Amino acid sequence: MAENTVSTAATLKAKSKPVAVAAPAFEMPKFEIPKFEMPKFEVPTAFREIAEKGIAQAKENYEKVKSAAEQATDVLEETYSTASKGCASYGLKLVETTRANSDAAFDLMSELMTAKSYSEVVELSSAYLRKQFDALVAQAKELSEHAQKVATETAEPIKESISATFNKAA
């Protein structure tokens, strides 16, 4: 029986030809869209006036908020600009101080290399340490004054903005 099905399948395969099948065209059903008509009614004048006042007040408040946001942005931009300039100048002062200290250390090393005795080495080292201590105190004072100046200049636009805001409110 198995042979019979194989030979039948082979026979069908050899005899089969493509057949065109025509399917009926499918159309969507046509429905009418319901019309929901809103009843026409008159809005009372009092409600209309309240709505118009609310819209006008909302526009006014929006303008106030927009103006305040623009002012705050300007203050922040100015503060950032001042802070970045101050930090850059502080960095330059720090590099200048480091360069002066390095030069002094190299000068000491060259003097120590030419020293003739141990007592001369001690004398040069002691003089260097005294001089360097005084220089470091002066440099620390100068750097702290510069940092204070940068902080004050950076905070100034914010302080002015806050005082102007409180003066407007009062």
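Looking for whichever is within 18 Å of the chain's Cα centre (by Cα), at negative phi and open to solvent by less than 90 Å² (accessible area, probe 1.4 Å) here; the options are SER81, SER89, SER67. Which one fits? Reasoning before the result, please.
Values: SER89 fails: within 18 Å of the chain's Cα centre (by Cα); SER67 fails: within 18 Å of the chain's Cα centre (by Cα).
Just a single option satisfies the conditions, and that option is SER81.
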Considering only residues that are open to solvent by 60 Å² or more (accessible area, probe 1.4 Å) and touching a residue at least 24 places away in the same chain (Cβ under 8 Å), which ones fall in the stretch 94-129?
LEU94
Looking at the stretch 135-159 only, could you name the residues that are open to solvent by 100 Å² or more (accessible area, probe 1.4 Å) and free of Cβ contacts under 8 Å to residues at least 24 places away in the same chain?
LYS141, GLU145, GLN148, LYS159
Matching entry among ALA69, ALA56, ALA88 (being closer than 19 Å to GLU142 by Cβ, without any contact (Cβ under 8 Å) to a residue 60 or more places away in the chain and part of a helix (DSSP H, G or I))
ALA88
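The values are calculated or read from the model by the stated rules, or taken from the named source; none is laboratory data. Remember, it's a predicted structure, so these values are computed and weren't measured experimentally. Glycine also receives a Cβ, built like all others from the backbone with ideal geometry; neighbour counts cover every protein chain displayed. Each accessible area value is taken on the protein alone, full model and side chains, heavy atoms only, with ligands, DNA and RNA left out. Shrake-Rupley method; radii C 1.70, N 1.55, O 1.52, S 1.80 Å.
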